[in-house]
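Each reported figure results from applying straightforward, stated rules to the coordinates on display, with no laboratory input. Remember, predicted model here, so these are calculated numbers, not experimental data. Note: ideal-geometry Cβ built from the backbone for every residue, glycine included; neighbour counts use all protein chains shown.
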Amino acid sequence: MIQAHYFFLFFSENHYFVYMKTPLVVIVGRPNVGKSTFYNRLIGRRGAIVDDSSGVTRDRNYGESEWAGKNFILIDTGGYVPASEDIFEKAIREQVEIAILEADVILFMVDVKTGINPIDTEIANMLRNSGKDFYLLINKVDSEKHELGMAEFYKLATDKVFDISSLGGRKVGDLLDEVTSNFEESIEEEKDSRLKIAIIGRPNVGKSSLVNSLLGKDRIIVTDIPGTTRDSINSVLKYYGEEIILIDTAGLRKKKRVQESIEFYSNIRTLKAIGDCDVAVVMIDAQIGLEKQDQKIINEVERWKKGLIIAVNKWDLVTKNVNSANKYKQEMTDKLGAINYAEIIFISALTKQRIFKLIDICNSVSLKRSNKISTTKLNKDLLPEIQKHPPPATKSGREVKIKYITQFGDNYPIFAFFCNYPKHVADNYKRYLENLIRRYYDFKGVPMTLSFREK
């Protein structure tokens, strides 16, 4: 079995690399064998993140899953069938190659009703030649009568064979028991108290350059080719006597892979890094500005409720005047919309401009995530404001009254508002309440959740 634990490589007394701890389970196989149905069954209502890019791959779906108290990242490597068989085989090969490089567990799915396809054989050969363990899932065995079609699949030569039904759920539990048997239970993991900062962003914005500048050594390969770092690695920064974990997510070494595969690989790394960090530094290129992909990454940080800092890199290359920074920040804040609470700092990884101030801000944001406002102070400060600007009435004309406020949550702030009609509090009023909290208390860079409950 594959051990899904931390694996450390020590290089010096104060610096080491460490691979991500969250187990990664990847589903591979040709289209229409039931991968997406299986994926959706395991994800359930927790919500997949879907990147609908067109090109050599179909939808790349990845999200969180859990079985018997053990969390893991699940990925469906879908493929789309273009007119050319050659392009199709290339797309499948690239997806499987990424899975072999990246996965802790590989689930290779085939279809009992159609039998072995030449592409099934090719994928099986690739997996065997990699030397990496994999499970063969013979799907669509919806009942015992379909078991007769299983025999031919033993030609694919693996001793880990499961006949399942993605649609009906038959024997899926048995499979997950086996797959997760060596995963650590999430509730028993020892918490690392060190501040963990994820350096994330699009390729070629300077993520590895920033990490190298902070560490004072060229620990990571840096070129002008997007995605030159093969592995997502952690380094330890000694800062005023404290150890800080820096997670670099530079992505994939450029070999013969197409851009689609690089983006797919990078998305996996970014998702894992956000899940494991306390504070995320989203780097953007000052000369390009905030783009759609940057906003997707920022939205993902907000969804995970991690501290959020936007580092505008290569600021030394921008022609500017005394108002440039303020104007740039205002334009960015307008684009961010509801996520305008993000900390914004202008840096240069190359000249080291403000890079240690960035670390100070990360420390500050991390502390703010655990900041607690007393119930007495919340109600004293906020209830008079709410009385001045009460919530809109319900559609039936009933008055919505907020009577009591308290805060809870250990990892990030959650504010509970107790009222008579919690389901009828309008979204725009919820936004007003969040702005009200931010106006009274310093939660800059910190996402929050507002919960409405019946008094």
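Summary table below
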item	result
Nonlocal amide H pairs with D163, under 5 Å, H built at 1.01 Å	I138
Residues with amide H under 5 Å from that of S451, placed H, sequence gap 5 or more	F415, A416, F417
Full-extension gain in nm, K327 to N435, via 0.36 nm per residue minus C-alpha separation	36.7 nm
Phi to ³J(HN,Hα) by Karplus 6.51 cos²θ - 1.76 cosθ + 1.60 over the range 394-408, Hz, x for Gly, Pro	5, 4, 8, x, 7, 7, 8, 10, 8, 10, 7, 9, 8, 10, 8
Relative compactness, the range 360-406, computed as alpha-carbon Rg over 2.2 N^0.38 Å	1.67
Length gained when the stretch T449-T375 is fully extended (0.36 nm per residue, less Cα-Cα span)	25.0 nm
q = 0.14 Å⁻¹, the range 143-212: log10 I(q)/I(0) [Debye, one scatterer per Cα]	-0.75
Given charges at Cβ of Lys, Arg, Asp, Glu: the range 357-455 dipole, positive-most of T449, S396, I373	S396
Three principal axis lengths of the range 339-455 [C-alpha, angstrom, descending]	61, 26, 22
Radius 12 Å from Cβ of K444, net charge of other residues (Lys, Arg +1; Asp, Glu -1)	+2
Percent RCO, i.e. relative contact order, over the range 291-410, from Cα pairs under 8 Å lying at least 6 residues apart	22 percent
Restraint check, K327/K368; K395/K430; K272/K372; K207/K296; K372/K423; K368/K455, Cα-Cα greater than 21 Å	K327/K368; K272/K372; K372/K423; K368/K455
Full-extension gain in nm, F408 to I116, via 0.36 nm per residue minus C-alpha separation	99.7 nm
